[in-house]
1. Can you pull out every residue in segment 78-106 that is part of a loop (DSSP other than H, G, I, E, B), at pLDDT 95 or above and open to solvent by 20 Å² or more (accessible area, probe 1.4 Å)?
2. Filter segment 40-52 for residues that are open to solvent by less than 70 Å² (accessible area, probe 1.4 Å) and outside any strand (DSSP E or B) and give the result.
3. Condition test on residue 110, is it open to solvent by 50 Å² or more (accessible area, probe 1.4 Å), in contact (Cβ under 8 Å) with a residue 40 or more places away in the chain and under 12 Å from the mean Cα position of the chain (by Cα)?
4. Can you tell me how many residues within segment 20-31 are in a strand (DSSP E or B) and surrounded by fewer than 16 Cβ atoms within 10 Å (Cβ to Cβ)?
5. Check segment 62-77 and report whether any residue there is open to solvent by less than 80 Å² (accessible area, probe 1.4 Å), aliphatic (A, V, I, L, M) and over 18 Å from residue 6 (Cα atoms).
6. Which of the following residues is open to solvent by 60 Å² or more (accessible area, probe 1.4 Å), touching a residue at least 40 places away in the same chain (Cβ under 8 Å), closer than 22 Å to residue 113 by Cβ and in contact with a strand residue (DSSP E or B) (Cβ under 7 Å, 6 or more places away or on another chain): 37, 7, 17?
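The values are calculated or read from the model by the stated rules, or taken from the named source; none is laboratory data. Everything numeric in this text was worked out from a predicted model, so none of it was measured. Because the Cβ atoms are built from the backbone with ideal geometry, glycine has one as well, and the counts that use them run over all protein chains shown. When the accessible area is computed, the model is the full protein with side chains, heavy atoms only, and any ligands, DNA or RNA have been set aside. Shrake-Rupley method; radii C 1.70, N 1.55, O 1.52, S 1.80 Å.
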Amino acid sequence: QVQFVESGVGLVQPGGSLRLSCAASGIIVKIYTMGWSRQAPGKQRELVVAITSGGNTNYADSVKGRFTISRDNAKNTVYLQMNSLKPEDTAVYYCHAQWLSSDYWGQGTQVTVSS
């Protein structure tokens with residue numbers, strides 16, 4: 001059974017930083033394309049960033065230069081470091097994994113950027 005434990009829920013002031021973690025069980029993250037997506041109230045879910053098994057990354061234009069995805073294969077965990085946060089980054093963030101026809105999603109973690 002595939003499970004993700006997401007952590008890093010928080011209320012952050014604009015300009016602040018937050019790191020999200022996604023600890024996976026039931027899959028080996030280094031062979032999957034791992035990613036983070038987000039959904040803000042009233043908006044469609046959007047891809048924030050993905051990292052392939054080969055380490056290639058794809059960032060949304062809105063987060064380039066501010067967010068960084070990383071993967072710790074030994075811990076089977078993926079991270080999302082978010083810097084220079086803006087109110088428009090407020091959303092539920094989802095960790096997900098894709099490989100061939102397999103597609104798994106975490107339960108989501110709330111990030112709120114507000115003063």
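1. Within segment 78-106, 83, 84, 86, 90 meet the criteria.
2. Hits for segment 40-52 are 40, 52.
3. Details: open to solvent by 50 Å² or more (accessible area, probe 1.4 Å): yes; in contact (Cβ under 8 Å) with a residue 40 or more places away in the chain: yes; under 12 Å from the mean Cα position of the chain (by Cα): yes.
Answer is yes for this residue.
4. So the count comes out to 1.
5. yes
6. So the residue among 37, 7, 17 that is open to solvent by 60 Å² or more (accessible area, probe 1.4 Å), touching a residue at least 40 places away in the same chain (Cβ under 8 Å), closer than 22 Å to residue 113 by Cβ and in contact with a strand residue (DSSP E or B) (Cβ under 7 Å, 6 or more places away or on another chain) is 17.
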